[in-house]
Amino acid sequence: MYIKREAQILMDQILKQPKVLLILGARQIGKTTMVKHVLAGKNVLFFNLDIESDWTRLEAVASLPPKDALLALGDPDFLVIDEAQRKTETSRIVKGWFDAGLSNKIILLGSSSLNLLNQTAESLTGRNDKIFLPPLLFREVVSAQSWYSSEFSYKQIAEKFSSQVQTLLLQSMVFGNYPESVTSKDKQGFLLNLSSDYLMKDVLQMGLVKDPNLLRKLLMLLAFQTGSMVSVNELAVKAGISRATVERYLDLLERTFVIFRLFAYSTNPRKEISKSQKIFFWDTGIRNALINNFSETALRSDIGQLWENWVVAEFAKQNILSGNRKNLYFWRSRAGSEVDLVVKEGSLLEAYEIKWSRSQADTRAFSNQYSVKPRIINHEDPFVEL
């Protein structure tokens, strides 16, 4: 079953432009499936650089004049190069073809920004548009259900189909929103496999991590600290590695779309924490696989922090799809008052307190400081809008 992605709208728009299209996202996130769906019935040639014979074929025509090279490949209207980060020469070849002014549309797919963005930043400057594809949004998952109707707003759906929505919400929180974890019957098996070496395949292939076990240990520490302020020094001590190594590993995990960070929002460092950070997983299914907890009940002991990660990730996914127009933070005063999520766009400030149950939160300190009343988000209405 294919679940329609909101990124398709953006992809359709970019395909009308002359630039090279880059689609980046974690492995198994659905990049290739989405592209094949959008380009179905068109004259398309696919290469997968994880397959050596595909690279051999591409490399064989690279020395030809651009027009001859594309003709040798059958002159496709769309040339899609999957796992483009696997070969450093890819962007140089693509640059030559693009600069020749050919009408063929080139699309590069990458499961890591480690190499692909660095290469394209230098050789395809001003020549590319990017889409960062995150895990499925909850509203995308809901829209694929048989009981869904576009006649209703999402708020009405949360009320009219409360039982179905809450069941789907718990599944989403526990098993995450990778397309296969949503559609597969063996969700647990898929996630356990994905959260092992496969998820970090790019990092391991490039030799950027000497001991994979240390990286897994760091990931487990992060999984247990979801929603809490993270101390790099503490992580280094618990993992038995240097602070510099922890920082490097965190950077690698961000660049391979496993985690993302929220930094503290502050305009008054004397009264507010300003240098701390929280680390969240792009997908809560990955987080649960790391600690091997797939309990589908609201009574699980970590439901609060799991809910916070899920909600913050929904905001982050919407933000990355819109081009990261907004900045996401958390807020905490030195007196202990806090707000889980602060969203800033220009001079506009919004704030959210994330509570699993319908309960009140004392957010007066933030309201007094910034004249903004935080909205409380609970599980009864999970359709968050950035």
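The values are calculated or read from the model by the stated rules, or taken from the named source; none is laboratory data. Predicted model, so just to flag it, every value in this text is computed and none were measured. In this analysis, Cβ positions are derived from the backbone assuming ideal geometry, glycine residues included, and neighbour counts consider all displayed protein chains.
Before moving on, here are some points about what is shown:
Rundown of residues vs (1) among the small types (G, A, S); (2) at pLDDT below 95, yes/no style:
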{"site": "D129", "(1), (2)": "no, yes"}
{"site": "L137", "(1), (2)": "no, no"}
{"site": "V141", "(1), (2)": "no, no"}
{"site": "Q145", "(1), (2)": "no, no"}
{"site": "S150", "(1), (2)": "yes, yes"}
{"site": "K155", "(1), (2)": "no, yes"}
{"site": "E159", "(1), (2)": "no, yes"}
{"site": "V165", "(1), (2)": "no, no"}
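- Restricting region 316-352 to residues that are among the small types (G, A, S) and surrounded by 15 or more Cβ atoms within 10 Å (Cβ to Cβ), the residue that is nearest to L133 (Cα to Cα): A316
- Of all residues in region 200-228, those being among the hydrophobic types (A, V, I, L, M, F, W, C) and modelled with pLDDT under 90 number 8.
- Among the residues listed as D197, D186, the single one being of a type in the set (D, E), at pLDDT below 95 and more than 19 Å from V312 (Cα to Cα): D197
- Residues being free of Cβ contacts under 8 Å to residues at least 40 places away in the same chain and either under 14 Å from the mean Cα position of the chain (by Cα) or outside the structural domain of Q225 (by TED's automatic domain parsing) (or both) - total across region 260-288: 1
Here is a yes/no grid of residues against (1) farther than 21 Å from L194 by Cα; (2) over 20 Å from the mean Cα position of the chain (by Cα):
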{"position": "I3", "(1), (2)": "no, no"}
{"position": "Q8", "(1), (2)": "yes, no"}
{"position": "Q28", "(1), (2)": "no, no"}
{"position": "V35", "(1), (2)": "yes, no"}
{"position": "A40", "(1), (2)": "yes, yes"}
{"position": "V44", "(1), (2)": "yes, yes"}
{"position": "F47", "(1), (2)": "yes, yes"}
{"position": "S53", "(1), (2)": "yes, yes"}
{"position": "R57", "(1), (2)": "yes, yes"}
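- When residues of region 126-155 are limited to those that are part of a loop (DSSP other than H, G, I, E, B) and of a type in the set (S, T, Y), the one surrounded by the most Cβ atoms within 10 Å (Cβ to Cβ): Y148
- Unmet requirement for A298, which otherwise passes all of (1) touching a Lys or Arg at 6+ places or on another chain (Cβ under 9 Å); (2) within 30 Å of G189 (Cα to Cα): (1)
- Helices (runs of 4 or more DSSP H) wholly inside region 187-245 containing at least 1 residues that are in contact (Cβ under 8 Å) with a residue 12 or more places away in the chain, more than 18 Å from T256 (Cβ to Cβ) and more than 21 Å from the chain's Cα centre (by Cα): 232-239
- Residue count for region 149-158 satisfying the condition of being farther than 19 Å from F315 by Cα and free of Cβ contacts under 8 Å to residues at least 12 places away in the same chain: 5.
- Within region 210-223, the set of residues being within 17 Å of I286 (Cβ to Cβ) and surrounded by 14 or more Cβ atoms within 10 Å (Cβ to Cβ) comprises L215, R216, K217, L218, L219, M220, L221, L222, A223.
- Total residues in region 355-386 satisfying the condition of being crowded, with 17+ Cβ neighbours inside 10 Å, touching a helix residue (DSSP H, G or I) at 6+ places or on another chain (Cβ under 9 Å) and over 19 Å from Y154 (Cα atoms): the figure is 2.
- Check on V311, in a helix (DSSP H, G or I), of a type in the set (V, I, T), touching a Leu at 6+ places or on another chain (Cβ under 8 Å) and at pLDDT 95 or above: yes
- Count - residues of region 170-195 that are in contact with a Leu (Cβ under 9 Å, 6 or more places away or on another chain) and of a type in the set (F, W, Y): 2
- Identity of the residue in region 276-315, buried (at least 23 other Cβ atoms within 10 Å of the Cβ) and of a type in the set (G, A, S), that ends up farthest from L218 (Cα to Cα): A313
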